[in-house]
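Each value in this text was obtained by applying a stated rule to the coordinates, not by laboratory testing. Predicted model, so just to flag it, every value in this text is computed and none were measured. Glycine gets a Cβ as well: all are built from the backbone with ideal geometry, and neighbour counts include every protein chain shown.
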Ligand SMILES: Nc1ncnc2c1ncn2[C@@H]1O[C@H](COP(=O)(O)OP(=O)(O)OP(=O)(O)O)[C@@H](O)[C@H]1O
């Protein structure tokens, strides 16, 4: 379908006159054919072209204001709409798509892009589907999928304001990882309990997916010992039995670096943690909490000041809470359980609805620390075995709580925590972070820059979207589109997935995606039964 005619080309920017009656949307992909070459152009903005004089505009607007009919002589010659676009790809006559190496001539025809052309852009070839290609506010029937093995170690940043669809995206992403059945490990910290069954009636969660029985591992207060948790799903007329582990961690299994990697402790406080560990052995956390500061001071040979001991005791208490999760002599070690599961390519869902902020922080740190350290050690000591491990992604909601300059020491001092360590060094070891935040402007630059895949949902504040735009390729022209995104709509950049431009995406609604995967699974089962029974 004809959409217009090119009126100007400069660099990779194309301007075209929109044909009478044609509908062109921001974010839409269109094509321009010229001398056997096909250019794919992404529409980024609009600009009316007017050859009317100021006096004519004054007369016409005044008449229109009074409700009079306005007739404009030679209207189509003197007033028309143009669209501004960026050339994102060039398709050679043999069908190969690559970055643009030339430009179309002025006055070439602009046409709508058909499904065949869209598929040549290879947006659908990854193994982690997240949504559909979107033209304006409309989804097109071509899937956008990320390439897991490349995306995971290079980190993913998901940004969006309140209600923009961050959790929906998180569930879609986790479902796609689950559907890969063991190819990737994923750890999800769920402080709102919204991933297992959804957050309100009518929503669905990871438990609804049939393959959750094999590939989901739940760490939860819903069970008191390791085993399987039976979950009834009346809306499907089915039940699932999901492997589960109690939300318990014996404090005697904690080491000083588990605390240090929260980034909460100063140099002298870190030294105190090591001294206490050496002095009290496995019981060091409990001793630090229970003994009074003066006696600790004496038992540590006065190597640490009483003030330091007081502050450190307070911080340790804040992190371990009142013993609900970090228990004494309970024997559980959820961090080791999680590690063994991600190494088998499981999606691990850690539910912490009643945890305090401190408990959540320590828990996230311990789990991420165990996974990172063990992948790092494995690569250094047993590279063969390491190469068999699945890439693993650690999903952190409210990422600004861990990765802001403030969280990493505030003014002047720069401390490391486990998430900044993963952001900087995880790539080498196949450990990535999936950082979700409403406030990307708070994140340290390195995290925004090093997250090579970015999912930008509706984000109302300028400092936030400017931060993301400033640290990413292909986003320079996307500002207008980002400002007009609705709930569930995103602009996605992902060089690791081979995307050469900012792709406009309608993220799947989790419930629809989940039902599709369930129906797909049911159809496969019927087919298998038919094959087993020899039915044609
Ligand atoms: N891609 C989508 N398609 C359809 N509905 C969606 C989509 N994304 C989100 N929604 C709906 O929008 C609402 C808000 O979504 P969600 O809870 O994921 O937003 P959020 O960004 O996590 O919000 P908050 O900041 O409050 O945590 C939900 O009811 C959800 O079902």
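Taking the fewest neighbouring Cβ atoms within 10 Å as the starting point, the ordered list for 34, 445, 464, 190 is 445, 34, 464, 190. Against the longest principal axis of the chain, how steep is helix 54-65, in degrees 0 to 90 to the nearest 10, with axes from Cα atoms? Here the helix axis deviates by roughly 80 degrees. Here the stretch 239-306 and the stretch 461-510 have alpha carbon centers that stand 43 Å from each other.
The share of alpha-carbon pairs in the stretch 2-120 lying farther apart than 26 Å comes to 31%.
The alpha carbon centroids of the stretch 119-172 and the stretch 32-84 are separated by 35 Å.
At a Förster distance of 22 Å, what's the computed FRET efficiency of residue 515 paired with residue 238, Cβ-Cβ distance as r, to 0.05? Before the final figure, lay out the partial values.
Details: r = 13 Å, r/R0 = 0.58.
Efficiency computed from Cβ-Cβ geometry: 0.95.
Global size of the stretch 256-325: 10.9, 32 Å for Rg and Dmax (C-alpha atoms, Rg to one decimal, Dmax whole).
Histogrammed with a bin width of 10 Å, the alpha carbon distances of the stretch 275-423 distribute as 9, 31, 34, 21, 4, 0 percent, first bin at zero. Ordered by the count of other Cβ atoms within 10 Å of each Cβ, fewest first, 162, 82 give 162, 82. Remark: C-alpha extents of the stretch 326-392 on the principal axes read 40, 23, 19 Å, sorted largest to smallest. Principal-axis analysis of the Cα atoms of the chain puts helix 306-320 at an angle of about 60° to the longest axis. In vacuo Debye scattering of the stretch 240-360, one point per C-alpha: log10 I(q)/I(0) at q = 0.14, 0.16 Å⁻¹? Log10 I(q)/I(0), no solvent term: -0.63, -0.79.
Given their separation in residues at 0.36 nm each and the Cα-Cα distance between them, residue 105 and residue 60 gain 12.7 nm when the chain is fully extended. Ellipsoid semi-axes for the stretch 161-252, based on the Cα gyration tensor and the rule √(5λ), read 21, 17, 15 Å when sorted largest first. Label sites at residue 23 and residue 299, each approximated as a point 7 angstrom past Cα along Cα to Cβ, lie 7.4 nm apart. Listed by Cβ neighbour count within 10 Å, with the fewest neighbours leading, 7, 437, 125 appear as 125, 7, 437. The Stokes-Einstein estimate for the stretch 338-468, based on a Kirkwood radius over Cα pairs and taken at 37 °C with 0.692 mPa s viscosity, is a diffusion coefficient of 208 µm²/s.
Run the helix sum for the chain: -39,500 (n - 2.57) per DSSP H stretch of 4+ residues, divided by residue count, reported at 222 nm to the nearest 500 deg cm²/dmol. Walk me through the intermediate numbers first.
Working: 20 runs with 187 residues, N = 536.
That calculation yields -10000 deg cm²/dmol at 222 nm.
Can you pull a Stokes-Einstein diffusion coefficient for the stretch 92-244 at 20 °C (1.002 mPa s), Rh from Kirkwood over Cα pairs, as a whole number of µm²/s? Approximately 115 µm²/s, per Stokes-Einstein.
Ellipsoid fit via the Cα gyration tensor, the stretch 412-465: semi-axes of 21, 15, 8 Å, each the root of five times an eigenvalue, largest first.
Sort the following peptides by mean Cβ neighbour count (other Cβ atoms within 10 Å, averaged over residues), highest first: 302-312, 491-501, 267-277.
491-501, 267-277, 302-312
Once the stretch 389-536 is represented by equal point scatterers at the alpha-carbon sites, with solvent omitted, what log10 I(q)/I(0) does the Debye formula produce at q = 0.17 Å⁻¹? Rounded to two decimals, the profile gives -1.03. Converting the Cα gyration tensor eigenvalues of the chain into ellipsoid dimensions via √(5λ) gives semi-axes, longest first, of 51, 29, 21 Å. Taking the longest Cα principal axis of the chain as reference, the axis of helix 510-532 is set at about 80 degrees.
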